[in-house]
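Student: Before we start, here is the structure in question, set down as structure tokens.
The values are calculated or read from the model by the stated rules, or taken from the named source; none is laboratory data. Given the structure is predicted, the values throughout are model-derived calculations rather than measurements. Cβ: placed from backbone, ideal geometry, glycine included. Neighbour counts: every protein chain shown. What goes into the accessible areas is simple: the full protein's heavy atoms, side chains included, and nothing from ligands, DNA or RNA. Shrake-Rupley method; radii C 1.70, N 1.55, O 1.52, S 1.80 Å.
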Amino acid sequence: LGLEQLGGQVVTAADGDSGIVAFREHRPFDWVITDLGMAGTDGVAVVSAIRQQNPQQRIAVLTGWSDREVRNRFQDVGLPDVVLRKPNTMGQLQQLIANGNRPLSAPI
């Protein structure tokens, strides 16, 4: 993602299940960034599991899907704090980090 290039400390996970475990083992995090479309445990399930552990956790989701599809998929668990469109840019990631505790608005 390039977050390390921006000075961030990064914990990576190979899939949704590993991401949920990593969150439990390594928190607190400034941001959780996950893909929406993943095989197995998808981004919706990741957001739901993380919000159950910490409702205030800031979460960004990467997707190439339409706004309508994103809204439909998150209908039952609530939208993430930020939706970043693919392909994401270093500028988007830099803005995410630079905003610190200030929430960014999701473009959906």
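Student: How far apart, in nm, are two points set 7 Å out from the Cα along the Cα-to-Cβ line at Thr12 and at Gln53?
Tutor: Result for the modelled spin labels: 1.9 nm.
Student: Return the single residue from Leu93, Leu62, Leu84 with maximal mean-square fluctuation; model: Gaussian network over the chain, springs between Cα atoms under 10 Å.
Tutor: Among Leu93, Leu62, Leu84, the largest mean-square fluctuation in the Gaussian network model of the chain belongs to Leu93.
Student: Give me the one-decimal nm value for the distance between modelled label points at His26 and Asn72, 7 Å along each residue's Cα-to-Cβ direction.
Tutor: Placing both labels 7 Å beyond Cα along the Cβ direction yields 3.3 nm.
Student: On to the next question. Nearest 20 debye, what's the magnitude of the dipole of the chain about its Cα centre given +1 on Lys and Arg Cβ and -1 on Asp and Glu Cβ?
Tutor: Values: 10 positive and 11 negative charges, 62 e Å.
The dipole of the chain has a size of about 300 debye.
Student: Now a separate question. Charges on Cβ only, +1 for Lys and Arg, -1 for Asp and Glu, centred on the Cα centroid of the chain; of Gly16, Gly91, Thr63, which one is farthest towards the dipole's positive end?
Tutor: Gly91
Student: Computed from the coordinates I sent, volume of the Cα convex hull per residue in Å³ equals one of (1) 97; (2) 120; (3) 138. Tell me the label.
Tutor: Checking each listed value against the structure points to (1).
Student: How big is the accessible area of Met38 in square angstrom, nearest 10, if you roll a 1.4 angstrom probe over the protein chains?
Tutor: Accessible area, nearest 10 Å²: 50 Å².
Student: Ok, one more. By accessible area of protein heavy atoms, probe 1.4 Å, what ranking do Thr89, Thr12, Thr63 get, highest first?
Tutor: Working: Thr89 70, Thr12 115, Thr63 5 Å².
Of Thr89, Thr12, Thr63, the descending order of accessible area is Thr12, Thr89, Thr63.
Student: Divide by every residue of the chain the summed helix terms, -39500 (n - 2.57) for each DSSP H run of at least 4, and state the resulting mean residue ellipticity at 222 nm, rounded to the nearest 500 deg cm²/dmol.
Tutor: Numbers: 4 runs with 38 residues, N = 108.
Mean residue ellipticity, 222 nm, calculated: -10000 deg cm²/dmol.
Student: Continuing with this model, one more query. Convex hull volume of the Cα atoms in region 1-60, per residue, in Å³?
Tutor: 78
Student: Across region 66-79, in residue order, what do the Karplus-derived ³J(HN,Hα) couplings come to in whole Hz, using 6.51 cos²θ - 1.76 cosθ + 1.60 with θ = phi - 60° and x for Gly and Pro?
Tutor: Residue by residue, region 66-79 yields 5, 4, 4, 5, 4, 4, 4, 5, 9, 3, 8, 10, x, 5 Hz.
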